[in-house]
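For reference, the structure discussed in these notes is given below.
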Amino acid sequence: MLCKICKAKGKREKAVIFIRHHKLALCKNHFLEWFEKQTLKTIKHFSMFNRGEKIGVAVSGGKDSLSLWQLLTEAGFETVGIHISLGIGKDNYSEKSLKLCEKLSEKLNRPLIVFDLKEEFGYTIEEIAKLSGRKDVCSVCGTFKRYLMNKIAIEENLSVVATGHNLDDESAVLLSNTIRWETGYLGRQYPVLSEREGFARKVKPFCFLTEKEIVSYAILKGIDFMETGCPNAKTATSPVYKQALAFLEHKMAGTKLRFYKEFLKKAKPLFEKEAKEEYNLTPCKICGMPTTANVCSVCRILEKIRGVNAKSGKN
Ligand code: SF4
Ligand code: ZN
Ligand code: ZN
């Protein structure tokens with residue numbers, strides 16, 4: 001297959017990718033150009049951030065977040081990587097993830113802030129989940145990662161945190177929320193979450209790009225990333241929704257993009273009212289971060305497990 005853009009210019013260049021839903025076959029250079037343009041267009045369309053703002057990029061060591069870090073840096077934005085080291089020992093997952101983030105930090109010559117759970121709190125994420133009596137490690141992990149990313153951004157004076165969520169992630173969350181008619185979540189699902197007192201702005205510049213496109217970008221740009229996912233990912237439910245959407249996409253190219261884009265345009269505004277119940281936020285009595293209760297959920301969990309260990313004689 002030949003690159004469509006090169007062909008239009010009378011050149012014969014082999015395509016490296018066929019983007020089915022755009023009916024677009026592109027060579028390496030034109031694909032990279034297209035990918036960067038799409039990302040910058042999304043950033044501009046949703047007014048995610050401006051030049052001159054310092055952007056925290058939440059990096060896990062996976063293809064999405066590392067690609068985002070490299071793209072934003074090369075596009076001239078001032079970036080800082082933020083990595084939460086979870087202490088997941090299986091397959092040396094956390095150690096390898098950290099190394100890949102450090103490697104890209106060196107390559108891009110941009111700083112990387114690392115928060116090590118075990119060093120800071122005394123427990124890995126799996127220990128925190130187990131000791132607090134939660135079966136679902138991923139939900140505890142999500143709570144801690146969101147809390148820490150925000151806390152670090154506020155402390156480091158970063159007005160915005162960018163994450164590598166892609167179209168596959170966003171459309172899977174949308175399908176799951178739609179199936180359960182979680183109208184509050186539907187009213188909130190958006191590529192930008194505005195800043196509020198105590199909360200940095202959260203943005204998803206890759207929300208219209210697929211996993212396949214991002215992995216192609218990462219490989220063509222020579223980014224080293226974790227090829228195996230987190231060992232705990234098996235317990236998450238999102239793969240089921242991803243599989244359902246992959247089936248629909250296979251039968252009808254463009255389903256995911258249409259589903260998500262049309263939701264943002266036509267359906268989200270209908271649910272906004274339900275998402276807008278204003279919560280009364282007060283500073284957490286322990287850490288000072290905004291919360292709806294006296295003590296935030298992260299401090300509550302940490303207090304609980306420290307209490308458990310004090311009773312059993314540990315720590
Ligand atoms: Fe955390 Fe679960 Fe993701 Fe692993 S799969 S990083 S435990 S949320
Ligand atoms: Zn070309
Ligand atoms: Zn707290």
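The values are calculated or read from the model by the stated rules, or taken from the named source; none is laboratory data. The model shown is predicted, which means the values in this text are computed figures rather than measured ones. Quick reminder, even Gly has a Cβ in these numbers, built from the backbone with ideal geometry, and neighbours come from all protein chains shown.
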Restricting the range 177-191 to residues that are more than 14 Å from Glu272 (Cα to Cα) and of a type in the set (Val, Ile, Thr), the one farthest from the chain's Cα centre (by Cα) turns out to be Ile179
Which residue pairs have Cβ atoms under 9 Å apart, sit 6 or more places apart or on different chains, and have a first residue in the range 217-245 that is closer than 15 Å to Leu167 by Cβ and away from ligand 2 (no atom under 16 Å from the Cβ) and a second that is modelled with pLDDT under 95 and among the small types (Gly, Ala, Ser)?
none
Given the conditions (1) modelled with pLDDT of 95 or more; (2) outside any strand (DSSP E or B); (3) over 20 Å from Leu209 (Cα atoms), report the number of the one that Phe35 does not fulfil.
(3)
Against the condition modelled with pLDDT of 95 or more, within 15 Å of ligand 1 (Cβ to nearest atom) and within 24 Å of Val80 (Cβ to Cβ), how does Leu148 come out, does it pass?
yes
Single residue of Glu274, Glu303, Glu262 found to be acidic (Asp, Glu), surrounded by 13 or more Cβ atoms within 10 Å (Cβ to Cβ) and either outside any helix (DSSP H, G or I) or out of contact with any helix residue (DSSP H, G or I) (no Cβ under 7 Å at 6 or more places or on another chain) (or both)
Glu303
Inter-residue pairs, beta-carbon under 9 Å, first free of Cβ contacts under 8 Å to residues at least 24 places away in the same chain and in the range 36-52, second surrounded by 11 or more Cβ atoms within 10 Å (Cβ to Cβ) and aromatic (Phe, Trp, Tyr), 6+ apart
Lys41/Phe208
Could you go through the range 5-22 and let me know if any residue there is within 16 Å of ligand 2 (Cβ to nearest atom), touching a helix residue (DSSP H, G or I) at 6+ places or on another chain (Cβ under 8 Å), in a loop (DSSP other than H, G, I, E, B) and in contact (Cβ under 8 Å) with a residue 40 or more places away in the chain.
yes
